[in-house]
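Okay, so here's the structure we're looking at.
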Amino acid sequence: MIVSIHQPNYLPWLGFFNKLLRSDIMVIFDNVQFPRGKTVISRTAIKTPTGSQWLTVPVKGKSELLPIREVQLVENQAWVRKHLKSLEANYGRAPYFARYSPQLAGYYQGEHTCLAELNSGLISLLAGFLGATTKLVRASELQQEANAGGLDRILGICRTLGATEYLTGQGAGSQRYMDEEAFKKLGIKVVFQDFVHPVYSQLWGEFIPKLSVLDLLFNHGPAASGILLERSSG
């Protein structure tokens, strides 16, 4: 049982979905603190004729040190129209835009009040576009010790879900809570994600990496999952 854990990013980049596709269960880490500064939990990058562009979801209470699951969206839904128009303006000519955009637009029309719920639903929708069979679980729905530290919380999640392998990134955030010996004592093998960003055909000239997975889906459709896993190791 391969388990991974990740914060609920907004329309995440390719590395996020590489991890998801390689997991039996991905835990959406929605009960950790929402960052104060700029964060991919509330924004994503797309490609335009003039380069990359950020799409940002406006939220309330960024300075209140809330857990992600308690961060509320602003009541004004003008940002939804802006994001959908930006996607259409910049990807309307992409080969698979018409295949995915109706479902995406339909999801946005639902009533969403908190960021974690919005993002988790989008992640599930995108995972479906990629043909993923991974089970998505929100950390807030699992019974955990309220005051457990980062490492203990992750170990507890893995133990609760019966993990035999824990798939983790190699960035500073992931390494902060890494103690391979602690996982070994629980009979859990740590596997480090070694994601190699693919280069694929895009609209608008020179290749730009680290965009939302929508860029890959709109340009390559059903082939997207194979591209995501092509050079994956770990």
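The values are calculated or read from the model by the stated rules, or taken from the named source; none is laboratory data. These numbers were taken from a predicted model, which means no experiment stands behind them. A quick note on method: Cβ atoms are made from the backbone with ideal geometry, for glycine too, and the neighbour counts reach across all protein chains shown.
A few remarks follow.
- Selection status of L142, in contact with a Phe, Trp or Tyr (Cβ under 9 Å, 6 or more places away or on another chain), under 24 Å from F34 (Cβ atoms), surrounded by fewer than 16 Cβ atoms within 10 Å (Cβ to Cβ) and modelled with pLDDT under 95: no
- Lone unmet requirement of (1) in contact with a Cys (Cβ under 9 Å, 6 or more places away or on another chain); (2) modelled with pLDDT under 95; (3) among the hydroxyl-bearing types (S, T, Y) for Y177: (1)
- If only residues of region 106-127 that are among the small types (G, A, S) and surrounded by 14 or more Cβ atoms within 10 Å (Cβ to Cβ) are counted, the one that is nearest to W13 (Cα to Cα) is A127.
- Annotation note: Cβ proximity below 9 Å between a residue of region 27-41 that is more than 10 Å from S140 (Cβ to Cβ) and touching a residue at least 60 places away in the same chain (Cβ under 8 Å) and a residue that is surrounded by 14 or more Cβ atoms within 10 Å (Cβ to Cβ) and aromatic (F, W, Y) (sequence gap 6+ or interchain) occurs for I41/Y10; I41/F34.
- Scanning region 1-38 for residues that are within 14 Å of L66 (Cα to Cα) and of a type in the set (V, I, T) yields one hit, V32.
- Where A132 falls short, out of the listed (1) under 19 Å from S4 (Cβ atoms); (2) touching a strand residue (DSSP E or B) at 6+ places or on another chain (Cβ under 8 Å): (2)
- Failed condition for N76, given (1) surrounded by fewer than 18 Cβ atoms within 10 Å (Cβ to Cβ); (2) at pLDDT 95 or above; (3) of a type outside the set (D, E); (4) not in a helix (DSSP H, G or I): (2)
- If you check I2, I68 for being surrounded by 16 or more Cβ atoms within 10 Å (Cβ to Cβ) and in contact with a Phe, Trp or Tyr (Cβ under 6 Å, 6 or more places away or on another chain), only one passes: I68.
- Filtered residues of region 37-67 (kept if closer than 30 Å to Q202 by Cα and in a strand (DSSP E or B)): R43, T44, A45, I46, K47, T48, G51, S52, Q53, W54, L55, T56
- Residue within region 55-64 that is of a type in the set (S, T, Y), at pLDDT 95 or above, more than 21 Å from L104 (Cβ to Cβ) and surrounded by fewer than 19 Cβ atoms within 10 Å (Cβ to Cβ) present: no
- For region 22-36, the set of residues classified as outside any loop (DSSP other than H, G, I, E, B) and surrounded by fewer than 21 Cβ atoms within 10 Å (Cβ to Cβ) consists of I25, Q33, listed by residue number.
- Residue pairs whose Cβ atoms lie under 8 Å apart, sitting 6 or more positions apart in sequence or on different chains, and linking a residue in region 200-216 that is without any contact (Cβ under 8 Å) to a residue 60 or more places away in the chain and more than 10 Å from I46 (Cβ to Cβ) to a partner that is part of a helix (DSSP H, G or I) and among the β-branched types (V, I, T), are Y200/I227.
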